[in-house]
Amino acid sequence: MMQLKIEDKFAFKQQALRWANQHEYCAVFDSHQYQDPYSTFDLLIAVDSIATLESPYGDAFSKLEDFKNTYQNWLIGGFAYDLKNELEDLISNNEDSLAFPDLFFFVPKHLILIKGDDLSIISSDAEQVLTNISNTIITEEEQAIPFVNINCKFSKKEYIETIKQIQQEIAAGNIYETNFCIEFYKEHTSLNPIQVYERLSQLSPTPFSSFFKWKDKYVLCASPERFLAKRGNKITSQPIKGTAKRGKNPEEDKAIKEALANHPKEQQENVMIVDLVRNDLTKSAKKGTVAVEELFGIYSFKQVHQMISTVVCEVDENLSITEIIKNTFPMGSMTGAPKIKAMQLMEQYEKSKRGIYSGAIGYITPNQDFDFNVVIRSILYDESSKYLSFHAGSAITFYADAENEYEECLLKISAMLASVNGSVEIATKNR
């Protein structure tokens, strides 16, 4: 391991990202230095692979447990939403144009960690890693991003009609709340993943930002949400339910923030998911340790204000980390309540397979800690097929206003549209 002080973190990050992207497998997890008491680093960069695991749902979690026990090393990877089919009697038959693996992890050859001004490199040749990064040239970048004509799987009219159908399910007592998602996409388009990711990070810096490359597939992520973290014997989940735009000036911004904090619908959505997460954590917790550390916390990001709650527990030491993750996956903020019925119905009403969207990416450490985000606010790209995709969703309750939910989806994709030089007007016109 090499440890040293780093003077220009921004330049180092630019060079390291470009060097990492030269490899078949790499990941960059960037907190953008948000003050997060649950994080242990500001920046993690994992490059190249000693070993890889890629598995469809069926016995994917048991394969991960074997993989983890075999290597007892850092593991970098993710869980696609459709692993739900391994955990419950569920199916996924919707169109899938990206074909991300359901579960994918790699053991990195080189790991770079930055906390404050301290840089650590874990590698068999740390000096060569540092040399390679230092010698990586940052060009005056890159080319101008061409205009991308984005399509949507739902017209606005179709979206509103679907919300009304979902509300009929709620009225019938089948579910209380659900997360309904729609896909924006573009076929046969070329983009520079590094350039787009850096634009996205500039427009929407978030604590769970990530650049993830798995062979020819990319996740360019500006997620503000933590799915699940383990630190020692403590498990933490931080579901988001409640979104509001930023104001045009400080006064308007403050008023919007206060309105979000006191909005009955947003509080109702949030507390439903908090209850769901509490129930999920109970499956992994020591008796009586599940607690809500913060309810209805309001956090401001460059694009939006979010209502975030924090649910914690002490973990049962007899459980493996794969069992802990299985007990909570998929995350309640992206499913609904009751969880299984909501997932069944969204398969019926959505048009696209979610895949890695509303799944999770992150890391597992050699001492069995882990941290995974929720893959939202993310641009997904297949470099071979040239297929570009991003989803947006919102919580639907009986009292939800379909027009407002539609506008919330547009708000959530605004930074992604700008990053690929798309347009809301084109993205949302009737197909």
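The values are calculated or read from the model by the stated rules, or taken from the named source; none is laboratory data. Fair warning: this is a prediction, and the values are worked out from it, not measured in the lab. Quick reminder, even Gly has a Cβ in these numbers, built from the backbone with ideal geometry, and neighbours come from all protein chains shown. Areas reflect the complete protein model, heavy atoms only, side chains present, ligands, DNA and RNA absent. Shrake-Rupley method; radii C 1.70, N 1.55, O 1.52, S 1.80 Å.
For the structure I just gave you, tell me whether Glu88 is touching a residue at least 24 places away in the same chain (Cβ under 8 Å), open to solvent by 10 Å² or more (accessible area, probe 1.4 Å) and within 23 Å of Leu319 (Cβ to Cβ).
So Glu88 passes the test.
Which one of the conditions (1) in contact with a strand residue (DSSP E or B) (Cβ under 7 Å, 6 or more places away or on another chain); (2) within 30 Å of Leu319 (Cα to Cα) does Asp36 fail to meet, given that it meets all the rest?
Every listed condition holds for Asp36 apart from (1).
Checking Val129 against (1) surrounded by 20 or more Cβ atoms within 10 Å (Cβ to Cβ); (2) over 18 Å from Val374 (Cα atoms); (3) in contact with a Pro (Cβ under 9 Å, 6 or more places away or on another chain), which test does it fail?
Result: Val129 passes all but (3).
Can you tell me which residue among Asn151, Asn135 is touching a Phe, Trp or Tyr at 6+ places or on another chain (Cβ under 9 Å), farther than 26 Å from Phe329 by Cβ and open to solvent by 70 Å² or more (accessible area, probe 1.4 Å)?
Only one candidate passes the filter, namely Asn135.
Just one of the numbered conditions (1) closer than 30 Å to Lys286 by Cβ; (2) assigned to a strand (DSSP E or B) is not true of Ala392; which one?
All conditions are met except number (1).
Which residues, taken from segment 65-84, are surrounded by fewer than 19 Cβ atoms within 10 Å (Cβ to Cβ) and without any contact (Cβ under 8 Å) to a residue 60 or more places away in the chain?
Hits for segment 65-84 are Asp66, Asn69, Thr70, Tyr71.
For segment 8-39, which residues satisfy the criterion of being among the acidic types (Asp, Glu), part of a loop (DSSP other than H, G, I, E, B) and touching a residue at least 24 places away in the same chain (Cβ under 8 Å)?
The answer is Glu24, Asp36.
Confirm whether Lys283 is among the basic types (Lys, Arg), out of contact with any His (no Cβ under 9 Å at 6 or more places or on another chain) and over 26 Å from Asp102 (Cα atoms).
no
List, please: which pairs have Cβ atoms under 8 Å, are six or more places apart or on different chains, and start with a residue in segment 137-153 that is charged (D, E, K, R) and end with one that is modelled with pLDDT under 75?
Here the result reads Lys153/Arg431, each pair linking segment 137-153 to a residue that is modelled with pLDDT under 75.
Does Ser394 satisfy the criteria of being touching a Leu at 6+ places or on another chain (Cβ under 8 Å) and open to solvent by less than 10 Å² (accessible area, probe 1.4 Å)?
no
All but one of (1) assigned to a helix (DSSP H, G or I); (2) surrounded by 22 or more Cβ atoms within 10 Å (Cβ to Cβ) hold for Leu220, so report the exception by its number.
The number of the failed condition is (1).
Which members of segment 395-409 meet the condition of being part of a loop (DSSP other than H, G, I, E, B), under 15 Å from Ala244 (Cα atoms) and touching a residue at least 40 places away in the same chain (Cβ under 8 Å)?
Ala400
For segment 186-206, name all the residues that are open to solvent by less than 20 Å² (accessible area, probe 1.4 Å) and farther than 24 Å from His23 by Cα.
Of everything in segment 186-206, those that are open to solvent by less than 20 Å² (accessible area, probe 1.4 Å) and farther than 24 Å from His23 by Cα turn out to be Ser204, Thr206.
Mind checking whether some residue in segment 361-378 is touching a strand residue (DSSP E or B) at 6+ places or on another chain (Cβ under 8 Å) and either without any contact (Cβ under 8 Å) to a residue 12 or more places away in the chain or small (Gly, Ala, Ser) (or both)?
Among the residues of segment 361-378, at least one is touching a strand residue (DSSP E or B) at 6+ places or on another chain (Cβ under 8 Å) and either without any contact (Cβ under 8 Å) to a residue 12 or more places away in the chain or small (Gly, Ala, Ser) (or both), which makes the answer yes.
Show the residue pairs meeting these rules: Cβ distance below 7 Å; 6+ apart or different chains; first residue within segment 188-215 and of a type in the set (Lys, Arg); second residue open to solvent by 10 Å² or more (accessible area, probe 1.4 Å).
Lys213/Asn21; Lys213/Tyr25; Lys215/Glu24
Consider segment 256-285. How many of its residues are basic (Lys, Arg) and within 21 Å of the chain's Cα centre (by Cα)?
1
Helices (runs of 4 or more DSSP H) wholly in segment 252-354 with at least 3 residues that are β-branched (Val, Ile, Thr) and buried (at least 19 other Cβ atoms within 10 Å of the Cβ) - which ones?
264-282, 321-326
Could you check segment 98-115 and list, in sequence order, the residues that are within 19 Å of the chain's Cα centre (by Cα) and open to solvent by 10 Å² or more (accessible area, probe 1.4 Å)?
Listed by number, the residues that qualify are Leu98, Ala99, Phe100, Pro101, Asp102.
If I ask for residues that are assigned to a loop (DSSP other than H, G, I, E, B) and either on the phi > 0 side of the Ramachandran plot or of a type in the set (Val, Ile, Thr) (or both), which ones from segment 92-122 would you list?
Within segment 92-122, Ala99, Gly116 qualify.
What tally of residues in segment 40-64 results from selecting those that are outside any strand (DSSP E or B), surrounded by 16 or more Cβ atoms within 10 Å (Cβ to Cβ) and of a type outside the set (Lys, Arg)?
6
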